[in-house]
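Reading through the structure tokens given below for one structure.
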There are 2 protein chains.
Amino acid sequence: MSRPLLQLALDHTTLPAALQDAAVLQEYVDIVEAGTILCLSEGINAVKALRNLCPKKIIVADWKVADAGETLAEQAFRAGANWMTIICAAPLATVEKGHAVAQSCGGEIQMELFGNWTLEDARAWHRTGVRQAIYHRGRDAQASGQQWGEADLAKMKALSDIGLALSVTGGITPEDVALFKGIHVKAFIAGRSLAGAADPARAAAEFHAQIDAIWGGRDA
Amino acid sequence: MSRPLLQLALDHTTLPAALQDAAVLQEYVDIVEAGTILCLSEGINAVKALRNLCPKKIIVADWKVADAGETLAEQAFRAGANWMTIICAAPLATVEKGHAVAQSCGGEIQMELFGNWTLEDARAWHRTGVRQAIYHRGRDAQASGQQWGEADLAKMKALSDIGLALSVTGGITPEDVALFKGIHVKAFIAGRSLAGAADPARAAAEFHAQIDAIWGGRDA
């Protein structure tokens, strides 16, 4: 199982603010995400600008696509994204079309899990060729008190077993990392716990130290 | 039951192309929608520009919000949207927060139905105060051959009975309108069947004539 990556989520409402945080933090993370709020505020320029600013990083277009998988995947990958998210509620045809475009561009699709998805859905996504999913505590669910629990971890294990690598998000702190020891974690996604930290470099280092402690160092 | 409205969906990848169609068609429709593709391409400027171009029309921000309901609703309504869409997979907390902002702005939330939603979900949305939903044949599902059928109509009737007015979309033509006679239809949403028509004004007139034939004229 490969070592989980660290992903910076940028959910700013303006591009200059997002670029400022990306400029500071990109050297400490593996993946830079153009978040949904940023993309709905600034459009495709958000993805393009992050691609230009961070030429060596994996760029995620967190668009939570529900329909028009082909058109949106073409837009995202042409703008420089490596990965694009599709919401779990999307029809399978949307997943298939998005994945086909991703493949032709050397990119990947991540299924974003919210609400009523099933393991049967997950198997269907895997059959289309998709190999990643994102497991959430939503921002609003989190604010209303929902914690990581056994039920989450059991579902994540089942998804891992199907063959989906999981990115984990929703108020993740370095202390949370150990919870996910038995899971095939692709990335830990952090936004405000990195960009909002008094010392962002140190906050990132704490994430990496926790990841190293469980999955081994980068050179291991 | 009030007469269904006609909604123009703008799913262009550039704002100038969208504005050109909106300028031609706005006088023939009741609602102008900033579609997801357009919003991910052009950002919040898509909503603002349509608000400016169409001061008397209902403007929809079709953002299919899955999280961060408060922040995104503030963005959408501040930019001039009257209605904002939330995807059915969103946590209930997101629906509640989006609806609260909508109410404070005199706006409305529309729940966008894709994938595995339930009537229990629909009752929960209604309890939050939401009164609208959007029933789809997705673009990709439609392209893969999915037709309107009895199962769709039965689900739409059940949603109507819960108290949700439905906007209907997915390759709708004037000939389809009669199918929805027994449903509380808020709006028929058409994109390419209006903007792509050889004579868009005539295409819109055909929609209105079909709506009038079933629900009565605008002054009825």
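Just so you know, all these numbers are worked out from the coordinates, no wet-lab data involved. Computed from a predicted structure; not experimentally measured. Cβ sites come from the backbone with ideal geometry, for glycine too, and all protein chains shown count toward neighbours.
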Put a dot 7 Å past each Cα toward the Cβ at residue A:197 and residue B:198; how far apart are the dots in nm?
6.4
Near residue A:25, within a Cβ-to-Cβ distance under 13 Å, what is the net charge of the other residues, with Lys and Arg +1 and Asp and Glu -1?
-2
Other chains near A:23-36: what is the mean number of their Cβ atoms within 10 Å of each residue's Cβ?
1
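Using helices alone, what [θ] at 222 nm do you get for chain B, with -39,500 (n - 2.57) per DSSP H run of 4 or more residues, divided over all residues and rounded to the nearest 500?
-13000 deg cm²/dmol
What is the calculated FRET efficiency for residue A:179 to residue A:120, with r their C-beta to C-beta distance and R₀ = 22 Å, to the nearest 0.05?
0.25
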Cα gyration tensor shape of the stretch A:22-64, rounded if a/c is under 1.5, else prolate or oblate by comparing a/b with b/c
prolate
Could you run the Karplus curve 6.51 cos²θ - 1.76 cosθ + 1.60 with θ = phi - 60° over the stretch B:16-30 and give me ³J(HN,Hα) per residue in whole Hz, x for Gly and Pro?
x, 5, 5, 5, 4, 5, 5, 5, 5, 9, 4, 5, 9, 10, 9
Using modelled amide H (1.01 Å from N, peptide plane; none on Pro or chain starts), what sits under 5 Å from the amide H of residue A:111, excluding residues fewer than 5 places away?
A:86, A:132, A:133, A:134
Can you tell me which of A:98, A:171, A:35 moves the most in a GNM of chain A? Springs connect C-alpha atoms under 10 Å apart.
A:171
For residue A:5, which sequence-distant residues (separation of 5 or more, or a different chain) have an amide H within less than 5 Å of its own amide H, given hydrogens modelled in the peptide plane?
A:187, A:188
Tell me, what are the semi-axes, in whole angstrom and largest first, of the equivalent ellipsoid of chain B as set by the roots of 5 times the Cα gyration tensor eigenvalues?
24, 22, 16
For the stretch A:146-206 and the stretch A:37-67, what is the separation of their C-alpha centers, rounded to whole Å?
21
What are the ³J(HN,Hα) values, in whole Hz, obtained from phi via the Karplus relation 6.51 cos²θ - 1.76 cosθ + 1.60 with θ = phi - 60°, for each residue of the stretch A:104-109 in sequence order, with x given for Gly and Pro?
5, 9, x, x, 9, 9
Treat every Asp and Glu Cβ in the stretch B:9-133 as -1 and every Lys and Arg Cβ as +1, leave all other atoms uncharged, and give the resulting dipole magnitude about the Cα centre to the nearest 20 debye.
300
Just round it to a whole percent: the fraction of Cα-Cα distances in the protein assembly as shown exceeding 42 Å.
13
Residues in the stretch A:73-96 that a label on residue A:52 would reach, taking backbone N under 20 Å of a point 7 Å out along Cα→Cβ
A:75-83
Considering amide H positions built from the backbone, and no H for Pro or chain starts, which residues 5 or more places from residue B:58, or on another chain, come under 5 Å of its amide H?
B:32
Of A:156, A:24, A:77, which is farthest on the positive side of the dipole of the stretch A:5-215, counting Cα position, with +1 on Lys and Arg Cβ, -1 on Asp and Glu Cβ, and the Cα centre as origin?
A:77
Suppose R0 equals 30 Å. What FRET efficiency, 1/(1 + (r/R0)^6) with r the Cβ-Cβ distance, do residue A:104 and residue B:161 give to the nearest 0.05?
0.10
For chain A, built as a Gaussian network whose Cα springs stay under 10 Å, the top-fluctuating residue of A:102, A:46, A:17:
A:17
Under 13 Å by backbone N from the virtual spin label 7 Å along Cα-to-Cβ at residue A:78, the residues of the stretch B:4-22 are B:12-15
List the GluC sites (Glu not before Pro) within the stretch B:149-219 that fall in a DSSP loop (any state other than H, G, I, E or B) and whose Cβ has at most 12 other Cβ atoms within 10 Å.
none
Tell me, what ³J(HN,Hα) does each residue in the stretch B:120-132 have, in order and in whole Hz, if you take phi through Karplus 6.51 cos²θ - 1.76 cosθ + 1.60 with θ = phi - 60° and put x for Gly and Pro?
5, 4, 4, 5, 5, 4, 4, 5, 6, x, 5, 10, 9
Counting only other residues whose beta carbon sits under 9 Å from that of residue A:84, what net charge do I get with K and R as +1, D and E as -1?
-2
For chain A, set up a Gaussian network in which alpha carbons nearer than 10 Å are linked by springs, and say which option among A:85, A:173, A:128 fluctuates the most.
A:128
